[in-house]
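Notes for the one structure printed next.
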Amino acid sequence: MKSKIYLAAAGSGKTTFLINSLSNTDQRFLYTTFTDENAAVAKEMIYQKYGCIPSSITVLPWFSFLLEHGVRPFQGTAGFGKEKFSGVDLNPEGRNFNKKGTLRYYCNKSKEIYAAKLPALALKCNECSSGAVIERIKELFGVVLIDEIQDMAGYDYDFIAALLSAGMPVVMCGDERQSTYRTNAGNKNKGLSLEQYIEKNKLASLCEIDRATLNGTHRCSKGVIEFANMVYPEFPPTESLCDASNEIHNGVWAIPESLAQKYCEFFDPVILRHSVATQTANASAVCNFGKAKGRTYDHVLIYPVADMASWLQDASTDLKPQTRSKLYVAITRARFSAGFVVADNKVNELPDTLRVWKP
């Protein structure tokens, strides 16, 4: 199996694609992804496929992988043999005035390794052990599968590059448009996607970039995905592979705020909002933008933040990267329809791309 990055669309089935590449054979696979929740989903999918988790397949969240296979086996070579690292500090690290290479440079007083420095420490262990960290990973696993690569950041890229440079087959899937979370907020490689990092560091010969295979969505109807494509016009447009012909309510709509409750009564959408502080209509299900990623609903009703509301009126409005990602994720949770709650006095200012709903 050759190393490759599959740049995927929302609802393209990237996790299913990776799971289907696993086989219950003598070859050993490692599946890793950022969040515990995504790792749990992968385990469930593997269990459904085989009726168990085969011994040839290991599933680990990214931080667990770096701790168990990047740091602990060879931490003694880096001078930390007596240390018992207690876990990972997920909070923003802030400025670190400790000397690089010292214990406190990498971890807090509780011996939790800073998320931004965990892959850096794994790389230090690899350097101090003359490459033994990467060689051990190659011996344990025939292929490394990395899901949701858009969540990777900082020194994560350098660790992946070390795997690629050592000849480790690494197959990755992700969608940069859905980058609502990052493994860390470190300054290393800041502003780069993994695709850009690979191209910048001339690693394309080691890892092919595939933009076509997973660029169709099985989740979103034609009207929903065509509207979502407007959020990232610089990306190749995603096509709908979803048959919504039997669904009465389709597409993207503007819902006057005074009609939001009635809209909920008609279509029972899942409400997507910024936070619990956002006042919404009453609905059977409500979810924050940050928690909605990876989920699928028939109909969604979105309460946009101010910048999103401005973008609805004028798609050339500049959005902060995370706001843009959250907008894209919110729209693409929908199979059939996505509604945006709009102030009644702003409805007439909307472009023709948004139909105004009336009961």
- Item | Under Karplus coefficients 6.51, -1.76 and 1.60, residue-wise ³J(HN,Hα) of the range 264-279 in Hz, glycine/proline x | 4, 5, 6, 10, 6, x, 7, 7, 10, 9, 5, 7, 5, 6, 6, 7
- Note on the structure: Any residue on another chain or 5+ positions along whose placed amide H is under 5 Å from the amide H of ILE57 is listed here as PHE29
- Query: Per residue of the chain, what 222 nm ellipticity follows from adding -39500 (n - 2.57) for every DSSP H run with n ≥ 4, rounded to the nearest 500?
  - Reply: -8000 deg cm²/dmol
- Task: Express the relative contact order of the chain as a whole percentage, based on alpha carbon pairs under 8 Å and six or more residues apart in sequence.
- Result: 19 percent
- Message: Suppose we look only past 19 Å in the calculated P(r) of the range 78-151. What percent of the Cα-Cα pairs does that tail hold?
- Response: 45 percent
- Query: By accessible area of protein heavy atoms, probe 1.4 Å, what ranking do LYS100, LYS84 get, highest first?
  - Reply: LYS84, LYS100
- Task: Using per-residue counts of other Cβ atoms within 10 Å, averaged over each peptide, order 212-218, 345-351 from highest down.
- Result: 212-218, 345-351
- Net charge near GLN75, counting Lys/Arg +1 and Asp/Glu -1 over other residues with Cβ under 12 Å of its Cβ? +3
- Message: Compute a Gaussian network model of the chain, connecting alpha carbons closer than 10 Å, and tell me which residue from ALA78, ALA292, ALA343 fluctuates the most.
- Response: ALA343
- Message: Classify the range 287-354 from the C-alpha gyration tensor, please: rounded if a/c falls under 1.5, else prolate or oblate depending on whether a/b exceeds b/c.
- Response: oblate
- Task: Give me the net charge of LYS222's neighbourhood, meaning all other residues with Cβ under 14 Å from the Cβ of LYS222; Lys, Arg count +1, Asp, Glu -1.
- Result: -2
- Note on the structure: A correct Stokes-Einstein calculation for the chain, using the alpha-carbon Kirkwood radius, 25 °C and 0.890 mPa s, returns a whole-number D in µm² s⁻¹ of 112 µm²/s
- For the range 192-319, with all protein chains present and a 1.4 Å probe, just round the carbon and sulfur fraction of the accessible area to a whole percent. 49 percent
- Item | HN-Hα J in Hz across the range 348-359 - Karplus 6.51, -1.76, 1.60, θ = phi - 60°, x for Gly and Pro | 6, 8, 7, x, 5, 5, 10, 7, 8, 7, 9, x
- Item | q = 0.10, 0.18 Å⁻¹: log10 I(q)/I(0) that the Debye formula gives for the range 242-359, counting C-alpha atoms only | -0.26, -0.91
- Message: Suppose all protein chains stay in the model; what accessible area per residue would a 1.4 Å probe give for the chain, in Å²?
- Response: 47 Å²
- Per the 1.4 Å probe, what fraction of the accessible area of the range 30-133, in percent, lies on carbon and sulfur atoms? 50 percent
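Rounded, prolate or oblate: which fits the range 96-248 when a ≥ b ≥ c are the square roots of the eigenvalues of the alpha-carbon gyration tensor, with rounded for a/c under 1.5 and prolate only if a/b beats b/c?
Since a/c reaches 1.5 and a/b is larger than b/c, the shape of the range 96-248 is classed as prolate.
Before anything else, pin down the relative contact order of the range 213-266: Cα pairs under 8 Å, at least 6 apart, normalised by residue count, whole percent.
38 percent
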- Can you tell me the relative contact order of the range 80-184? Whole percent, Cα pairs under 8 Å, sequence separation 6 or more. 25 percent
- Message: If I build a Gaussian network model for the chain, linking alpha-carbon pairs within less than 10 angstrom, which residue out of ALA39, ALA277, ALA254 has the largest mean-square fluctuation?
- Response: ALA277
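The values are calculated or read from the model by the stated rules, or taken from the named source; none is laboratory data. All values reported here derive from a predicted model rather than from experimental measurement. Because the Cβ atoms are built from the backbone with ideal geometry, glycine has one as well, and the counts that use them run over all protein chains shown. Remember, those area values only see protein heavy atoms, side chains included, never the ligands or the DNA or RNA. Shrake-Rupley method; radii C 1.70, N 1.55, O 1.52, S 1.80 Å.
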